[in-house]
Amino acid sequence: MSAYLDCSASTPMRPEAVDAMLPHLRDHWANPSGAHTLARAERKAIDEARDVMASVLGADASEIVFTGGGTESDNLAVLGVHDRVGGTLVASAVEHHAVLDPVLSRKGRLAPVDERGLVDLGALAALLEEIQVGGERVSLVSVMLANNEVGTVQELDRVAKVVRRHAPGALLHTDAVQAVQWLDVATLAASADLVSVSAHKFGGPKGVGALVVRAAAADHLAARTLGGGQERERRSGTQNVAGIVGMATAARLTVDDRAATVERVRVLRNRLADGLLEAVDDTIESGVITADADADGAGPPGGSPRRPDRAHKVAGTCHLCFEGVDSESLLYLLERAEVYASAASSCASGAAEPSHVLAAMGIPRSLAAGSLRLSLGWATTGDEVDAALAAVPPAVERLRLFS
Ligand code: PLP
């Protein structure tokens, strides 16, 4: 039995999304910007997809900009604002590189997080004040809705309040790429001016995404690609009609069965995490507080350990760090057992660099070097979880024996 537990990297596509795309790849090839009937039919397909994405993301259809994926959406938000209005960019220290690198490339600042990966709101307020006292203006604050490595869900409304209070002129961007599968983005990201999503994280195709640009933010954003003026001049380039249609189909299905999927997958994830914590000594679950980690060190009456508190995590992420193990070697052994996972974020997987997310959460380097992300999705089965439960403990034991 093989197990694909790398859904935060990319999910299997929804078959209905594939079916919806095929006519646009095979039969309807006209350019949606054209004037004739065939072109207008493609434009209509995009408009319908725009309406779906607008309703899923809690936006007006005119606020949806189709892009080439999450990275492009993030870059457009961060660099587009900086190009237009300058100022200082601020991001949380646990952002995906698609936000982090553009922010740092413009000499932006990072706000710290606590051991669960939640933005330290007091420190964020102090940072915003410090920037302004220094004579700078904060133009954008970027805080992701759900983290791609450890699955922490930010309290975006509270972040928004801090931003409005301490940097009233700043826009709030949220990278919701990892959120659509698990969370009601329309509600949870309502306070954000800019919202990024990517289709392949929720059953759609790769290479297509969207950025919500709320009407109030539109004048603060410069386009990053110039040309034919598509997407209301905000992202020139012929739209990927099939991809956009596939994304909207996947988004609709995701929302329709999200509550049931979240409950089903949460049970599987908890079984996986609890089972591995039980089976493998010297292991921590990243960003999860248990009785041992409490300030008073006390467990509940009766002495049995408290259950790990995963309330602030998306349902699909199980992230563990094994002491005395090298992630890459672990992934190699797991792959031989046909368990497919990753170490840090997928994009960083394979790199020897320790995860900036785990470092920001205060996880020591020796533990972070043995990190493993098992991420579940809409199609994950109990058998796959069983396969991981069978494969991980002996792999860790073997590596420790030889280390
Ligand atoms: N943001 C987050 C949180 C992600 O997890 C990813 C992909 O892993 C991206 C952005 C980039 O998205 P894409 O792969 O569509 O470029």
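The values are calculated or read from the model by the stated rules, or taken from the named source; none is laboratory data. Small disclaimer: the values here were computed from a predicted structure and weren't measured. We place every Cβ from the backbone using ideal geometry, glycine too, and count neighbours over all the protein chains shown. Ligands, DNA and RNA are stripped out before the accessible areas are found, and what is left, the full protein with its side chains, is counted by its heavy atoms. Shrake-Rupley method; radii C 1.70, N 1.55, O 1.52, S 1.80 Å.
Worth a mention:
- All told, S355 meets the bar of being under 22 Å from the mean Cα position of the chain (by Cα), within 16 Å of the ligand (Cβ to nearest atom) and open to solvent by less than 50 Å² (accessible area, probe 1.4 Å).
- When residues in segment 177-201 are screened for being under 19 Å from V262 (Cβ atoms), in contact (Cβ under 8 Å) with a residue 60 or more places away in the chain and more than 8 Å from the ligand (Cβ to nearest atom), 11 of them pass.
- Selection of segment 204-231 for residues being in contact with a Ser or Thr (Cβ under 7 Å, 6 or more places away or on another chain) and in a loop (DSSP other than H, G, I, E, B) yields K206, A223, T225, L226, G227, G228, G229, Q230.
- Taken as a whole, the structure places R137 among residues that are among the charged types (D, E, K, R) and either within 19 Å of V81 (Cα to Cα) or open to solvent by less than 10 Å² (accessible area, probe 1.4 Å) (or both).
- Remark: pairs (first residue in segment 97-108, in contact (Cβ under 8 Å) with a residue 24 or more places away in the chain; second residue in a helix (DSSP H, G or I) and among the β-branched types (V, I, T); Cβ separation under 8 Å; 6+ apart in sequence or on different chains) = A98/T71; V99/V78; P102/V78; V103/V78; R106/V78.
- Failed criterion for S142 (all others in (1) in contact (Cβ under 8 Å) with a residue 12 or more places away in the chain; (2) open to solvent by 10 Å² or more (accessible area, probe 1.4 Å); (3) touching an Asp or Glu at 6+ places or on another chain (Cβ under 8 Å) hold): (2)
- When we screen A41, A49, A61 for residues that are among the hydrophobic types (A, V, I, L, M, F, W, C) and crowded, with 20+ Cβ neighbours inside 10 Å, the only hit is A49.
- Residues of segment 154-166 classified as touching a helix residue (DSSP H, G or I) at 6+ places or on another chain (Cβ under 9 Å) and open to solvent by 30 Å² or more (accessible area, probe 1.4 Å), total: 6
- When we screen R252, R234, R269 for residues that are basic (K, R), modelled with pLDDT of 95 or more, over 30 Å from P308 (Cβ atoms) and not in a loop (DSSP other than H, G, I, E, B), the only hit is R252.
- Pairs, first more than 24 Å from R310 (Cα to Cα) in segment 117-137, second small (G, A, S), C-beta under 6 Å, six or more apart: L127/A111; L128/A167; R137/G87
- Counting only residues that are within 12 Å of R234 (Cβ to Cβ), in a helix (DSSP H, G or I) and within 15 Å of the ligand (Cβ to nearest atom), segment 54-85 holds 4 of them.
- Residue, farthest from S375 (Cα to Cα), within segment 11-20, restricted to residues that are in contact with a Ser or Thr (Cβ under 8 Å, 6 or more places away or on another chain) and crowded, with 16+ Cβ neighbours inside 10 Å: A20
- Criterion applied to A49, A17 was being more than 18 Å from A192 (Cα to Cα) and within 16 Å of the ligand (Cβ to nearest atom), and the one residue passing it is A17.
- V150 falls short on exactly one of the conditions (1) more than 16 Å from the ligand (Cβ to nearest atom); (2) open to solvent by less than 10 Å² (accessible area, probe 1.4 Å), and that condition is (1).
- As a summary of the residue check, L172 satisfies the conditions (1) more than 13 Å from the ligand (Cβ to nearest atom); (2) within 18 Å of S73 (Cα to Cα); (3) of a type outside the set (F, W, Y); (4) open to solvent by 10 Å² or more (accessible area, probe 1.4 Å) except for the one numbered (4).
- Residues that are in a helix (DSSP H, G or I) and free of Cβ contacts under 8 Å to residues at least 60 places away in the same chain, drawn from segment 274-291: D274, L277, E278, A291
- Among residues of segment 365-386 that are closer than 22 Å to V180 by Cα and open to solvent by 20 Å² or more (accessible area, probe 1.4 Å), those with a beta-carbon under 8 Å from a residue that is part of a helix (DSSP H, G or I) and among the β-branched types (V, I, T) at least six positions away or on a different chain give the pairs W378/T254; W378/T261; W378/V265.
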